[in-house]
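S.K.: Could you have a look at this structure, given as structure tokens, before my questions?
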Amino acid sequence: MNNRTDHGFLILADVSGFTAFVTTTELEHGSEIIAALLDEVVGQLSPPLEIQEIEGDAVFALGGETSPLPKARLLEVLEGAFAAFKTRQRAMQDVETCYCGACRQIGTLDLKMVVHHGPFLRHTVGGRSRVTGTAVILVHRLLKNGVGRKGGYALLTEPVLRSLGIDGEHAGLPAHTERYEYLGDVRCFVRDLAPPPSLSPLGRGQGEGSGVLHPQAIA
């Protein structure tokens, strides 16, 4: 068997509002919109991250031990993916002349990021690379969380911040704990994600007056 243990970042970029969007809008245009937005996310995450899978409304990416991603750039890469998502979303809204339900509801979608750091097993199933392990289960469980936030955000587990050398409380990141059967308490920190400056209300710069922390501010 071709099994190998790796260690690093596990990232899920998930489209918020996806279920309501696809179940209440036209299938053809709805799927095209989601695909276009996820394409932007993939283009920003890889490289330097490795795209493991597209899981419906989410992109599952990895940053293993041999990843070219410098740890200090992780938050920058997440911000870049979110900015690309919001820029493409706004562009589609601005040029859209179709009045179907899907096209009129593009603006209801958002993006959240869930990030964990830990060991995972790489193996091959049916000729395709797969990963498994507790860290993989945990990062997927964290998609269903109790974070009460509107808009984009990144949910970073404590091992992520430890790996980055960041003190979450000192950096002003709100703490959040989830509890899952078999996994116990999972302590996380929440980081708001902001749209690019050109898309911010009243032309304000990214994070200006919004309490958003830039990567360099907490690195």
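S.K.: What's the extension gain from R73 to I54 if we count 0.36 nm per residue and subtract their Cα-Cα distance?
M.R.: Here the answer is 4.6 nm.
S.K.: Could you derive backbone 3J(HN,Hα) for segment 120-134 from the dihedral phi with the Karplus parameters 6.51, -1.76 and 1.60 (θ = phi - 60°), listing whole Hz in sequence and x where the residue is Gly or Pro?
M.R.: My calculation for segment 120-134 gives 8, 9, 8, 8, 10, 10, x, x, 10, 6, 9, 10, 8, x, 4 Hz in order.
S.K.: Find the Rg to Rh ratio for segment 55-206, where Rh is the Kirkwood radius over alpha-carbon pairs and Rg uses the same atoms. Intermediate values should be presented prior to the final figure.
M.R.: On the way: Rg = 17.5 Å, Rh = 17.5 Å.
Taking Rg over the Kirkwood Rh, I get 1.00.
S.K.: What accessible area per residue comes out for segment 104-158, rounded to a whole number of Å², with a 1.4 Å probe?
M.R.: 45 Å²
S.K.: Mind listing the long-range amide H neighbours of L193? Cut-off is under 5 Å, sequence gap 5 or more, other chains count too, H placed in the peptide plane at 1.01 Å from N.
M.R.: G152, Y153, A154
S.K.: According to the Kirkwood expression over distinct Cα-Cα pairs, how big is the hydrodynamic radius of segment 67-127, in Å? Kindly include the intermediate steps, with their values, before the conclusion.
M.R.: Numbers: mean 1/r = 0.0666 Å⁻¹.
The answer is 15.0 Å.
S.K.: With a 1.4 Å probe and every protein chain kept in, tell me what percent of the accessible surface of segment 68-109 is carbon plus sulfur.
M.R.: 52 percent
The values are calculated or read from the model by the stated rules, or taken from the named source; none is laboratory data. Predicted model only: the values in this text are computed from it and were never measured. Accessible surface is based on the protein model in full, side chains and every heavy atom, while ligands, DNA and RNA are left aside. Shrake-Rupley method; radii C 1.70, N 1.55, O 1.52, S 1.80 Å.
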